[in-house]
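The values are calculated or read from the model by the stated rules, or taken from the named source; none is laboratory data. Computed from a predicted structure; not experimentally measured. Positions of Cβ are generated from backbone atoms using ideal geometry, with glycine treated the same way; all protein chains shown enter the neighbour counts.
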Amino acid sequence: MNDPTGRPIDDTDDLPGAVGGDPTGAPGDIVAARGAQEERVAGLVSAVGGGAPLVGIVMGSDSDWSVMSAAGDVLGGLGVPYEVGVVSAHRMPRDMLDYGEAAARRGLRVLVAGAGGAAHLPGMLASVTSIPVIGVPVPLPHLDGVDSLLSIVQMPAGVPVATVSVGGAHNAGLLAARILATYDQGLYGRLEAERAALGAKARAKGHALRGRLD
Ligand code: RP5
C-alpha cells in the first residue's frame, strides 16, 4: 500500500525491532521500504559512545547544540550510547518523519528532542513513534524560551511528550537514563550513586553557608 506520494505505508503492528509480515500481502515491499528508510536516517546522525545507540538526541538546528549537548554529557557520563543529529520538523519534515518512524526499529529506546521558537519537533516525533519522547524547550533571544516551552508542553491527549524545563537538557538526559535504568540494574546503580553524590554536594553547600554565618 502506498501513500499519495507513492511511498509505501508501513501499517503493520510489530513490536520494536521485529520484522514481520504485512497483512495486506506485500511483505517484500514493506521490508524494502523499511530498509531504505533506515538507510536515509543513518545519514542524518552520528553515534557517540561504544555500542548501538539507545537514545536519540535530535534538534531543530545546530544552533541548539549549545543547549542540547548537556543531555549528551549526562548520557556519556553514565555510559549510555547515544546518537546526535539535526532533524528539523519544519525544514526537513520528511526526514523528521523517517527518523521518528524508524527509531524503535533502529534500536533506540528513548528520544530527546530539542527545538526553539515554534518548537514542533518533539510533538511530531511522538506522533509517529511509541517510544518515549522527552522535549527540551530551547530558549531563543526573543521570548526567552516561553514560546518553545508552550509549543512543546501543551500536547493533545494520546500523544505524550515529557517536557523538561526551558534549557533543561541536563535533566532530559537524566530522565532518558532513568527510563533505560528500569531494565538495566547496572545503570540504575550508577544513577543511585550520582543521586547520593548530589546530596553530599548539597550538604557541603549548607555546611559552607553555616560556616560563613557563624
Ligand atoms: C528552530 O529554530 C531550531 O530548533 C532553533 O532553535 C531555531 C533557530 O534555528 P537556526 O536559524 O539557528 O537554524 O527550528
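Figures for the structure shown
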| quantity | calculated |
| --- | --- |
| Residue selected from segment 57-66 under the condition more than 16 Å from VAL110 (Cβ to Cβ) and surrounded by 24 or more Cβ atoms within 10 Å (Cβ to Cβ), by the criterion farthest from the ligand (Cβ to nearest atom) | ASP64 |
| Subset of segment 106-122 (residues that are more than 15 Å from the ligand (Cβ to nearest atom) and either over 10 Å from the mean Cα position of the chain (by Cα) or under 14 Å from HIS142 (Cα atoms) (or both)) | ARG106, GLY107 |
| Subset of segment 73-105 (residues that are within 19 Å of ASN171 (Cα to Cα) and more than 16 Å from the ligand (Cβ to nearest atom)) | ASP73, VAL74, LEU75, GLY76, GLY77, LEU78, GLY79, VAL80, PRO81, TYR82, GLU83 |
| The listed residue being of a type outside the set (Gly, Ala, Ser) and within 16 Å of the ligand (Cβ to nearest atom), out of PRO160, PRO137 | PRO137 |
| Cβ-Cβ under 6 Å pairs, at least 6 apart or on other chains, segment 151-169 side in the same structural domain as ASP64 (by TED's automatic domain parsing) and closer than 11 Å to VAL112 by Cα, far side of a type outside the set (Gly, Ala, Ser) and in a loop (DSSP other than H, G, I, E, B) | VAL161/MET155 |
| Residues of segment 164-185 classified as surrounded by fewer than 10 Cβ atoms within 10 Å (Cβ to Cβ) and either among the β-branched types (Val, Ile, Thr) or in a helix (DSSP H, G or I) (or both), total | 2 |
| Tally, over segment 47-73, of residues that are in contact with an Asp or Glu (Cβ under 9 Å, 6 or more places away or on another chain) and in a helix (DSSP H, G or I) | 0 |
